[in-house]
Amino acid sequence: MSFRSYARKVRDSGLPHRRRVSALRSCVQLYRPLGFNATLSYLESKAGSFRSDEAALLRALDIIEASRAVRRAELRAYAARRREAKRQGRRSPRAEDANPNLQSRWYWYGAPREAARHALRFWWGQHFPLPPLSDALALSELGECVRECLDAGDVLAEAERGLLGARLKELEQRLPWDLLRVVRHIEVAAGLR
């Protein structure tokens, strides 16, 4: 089923509340810019306890729909720019063209820095079972970057952002792909993206 179909189920007051919550979780499964669990946690932090409160459930749906709508508008605008560029003979996108289809652009639309900080706090607090790394030092360095970003909040100086960005670029080469989302959250929270 589609995101919109699940969203209709969330709004259907004739359904039992637990089915509506399940439909919201299905919406999050289809649009999870922070990762599934972190997106649910962010929605709950913004809307309230949607698992037991109908008003909070509808607020959570509104929040995720708003972010998704901005993302879809960005995708449509990018597609229109690409069509025009192709019409003008530029078949390949330029490196400086922001491509919203790339993983590096996965973030919460509307409040990217706030959501990224929430996702980092969530990741830090959950102690996810992490994959075995041949480079345990890389995981330690990633943890240091997360802590540094969270401790600084919105006041990361320009020089600190530059150093953090350089560390993250180097770390990207050593981390498994499933931890790259954490790197993206750090970049967004620190204002590097």
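Values in this text are rule-based calculations from the coordinates and carry no lab data. Computed from a predicted structure; not experimentally measured. Positions of Cβ are generated from backbone atoms using ideal geometry, with glycine treated the same way; all protein chains shown enter the neighbour counts.
Using the number of other C-beta atoms within 10 angstrom as an exposure proxy, rank Trp177, Trp124, Trp108 with the fewest first.
In increasing order of surrounding Cβ atoms, one gets Trp177, Trp124, Trp108.
Using only C-alpha atoms and all pairs of different ones, pull out the Kirkwood radius for the range 1-101 in Å with one decimal. Mind dumping the intermediate values first?
Details: mean 1/r = 0.0661 Å⁻¹.
Across the range 1-101, the inverse of the average 1/r is 15.1 Å.
Based on Cα coordinates alone, diagonalise the gyration tensor for the chain, multiply each eigenvalue by 5, take square roots, and list the semi-axes in whole Å, largest first.
On the way: eigenvalues 181, 125, 43 Å².
Computed over the chain, the values are 30, 25, 15 Å.
By per-residue mean of other Cβ atoms within 10 Å, what is the highest-first order of 37-43, 166-172, 88-94?
Output ranking for 37-43, 166-172, 88-94: 37-43, 166-172, 88-94.
Do you know the relative contact order of the chain, to the nearest whole percent, from alpha carbon pairs under 8 angstrom that are 6+ apart? Don't skip to the end; give the middle numbers.
Details: 172 pairs, mean separation 37.5, N = 193.
Over the chain, the number comes to 19 percent.
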